[in-house]
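The values are calculated or read from the model by the stated rules, or taken from the named source; none is laboratory data. On a predicted model such as this, the values are computed, not experimentally measured, just so you know. Please note: Cβ atoms are built from the backbone with ideal geometry, for glycine as well, and neighbour counts cover all protein chains shown. In case anyone asks, the SASA skips ligands and DNA or RNA and just uses the protein heavy atoms, side chains included. Shrake-Rupley method; radii C 1.70, N 1.55, O 1.52, S 1.80 Å.
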There are 2 protein chains.
Amino acid sequence: MKSSTVTSSDIISSDKVEGTNVYNPAGDKLGSVDDLMIDKLSGQIRYAVLEFGGFLGLGTDRYPLPWNMLKYDTSRDGYVVPLDKAKLEQAPRYDESELPEYTPEYGKRVNNYYGMDW
Amino acid sequence: MKSSTVTSSDIISSDKVEGTNVYNPAGDKLGSVDDLMIDKLSGQIRYAVLEFGGFLGLGTDRYPLPWNMLKYDTSRDGYVVPLDKAKLEQAPRYDESELPEYTPEYGKRVNNYYGMDW
């Protein structure tokens, strides 16, 4: 239970972000944050890697989502993403054992899928 | 062994940053990255929280370091920080069980100690 994800400050621990639940706007739990992908030079988080399972029946696939898509909802103690099941079913994903190289091409593919700038 | 910390792209996984060794410029291993502290709104990493032990005999204390102080050294497969033992002995630290609130005041104290802008 990651009930202490957010402190009263604006700084949070990556250990606590990882494991935080992710919901769709309707309030359905989609999964949880498994990992964060970071720009090595700037230290900027580019992607939250979501583990979706159960609800979608997709096992343990990992879905990289542009960080800006995640909004924290204090009432749910989790992140909300503006995605429905249909959108996720076609989304870029990978098996947990097969972390892809996050090349610019891969990043563009992910961002384009979600209509986000690269 | 975190030998795959850096991919050939510029994007790295937080899971791999955590656990990466940290060295001083002389090549002594100081410890390893235990956690990352992230600005909630911008997604920018502000601090790498270092676990120093053994070499300094300080047990499992945690030392927040401004992210910009860490430079990745591919030849060492780890980060290098421009710090000596004397500087670390007086540095802001906390016990692993006592994560402080990263308020602006705390952040300023840490940054000021290392001569970094807040």
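Would you point out the residue of the range B:13-34, among those that are open to solvent by less than 10 Å² (accessible area, probe 1.4 Å) and modelled with pLDDT of 90 or more, that is nearest to B:TYR79 (Cα to Cα)?
In this case the residue turns out to be B:VAL22.
On the basis of being crowded, with 16+ Cβ neighbours inside 10 Å and in contact with an Asp or Glu (Cβ under 7 Å, 6 or more places away or on another chain), does B:VAL80 make the cut?
So B:VAL80 passes the test.
Scan (1) in contact with a helix residue (DSSP H, G or I) (Cβ under 7 Å, 6 or more places away or on another chain); (2) within 13 Å of chain B (Cβ to nearest Cβ) for the single condition A:GLU105 breaks and write down its number.
Result: A:GLU105 fails condition (1) only.
So how many residues does the range A:86-102 have that are under 16 Å from the mean Cα position of the chain (by Cα) and either within 11 Å of another protein chain (Cβ to nearest Cβ) or in a loop (DSSP other than H, G, I, E, B) (or both)?
9
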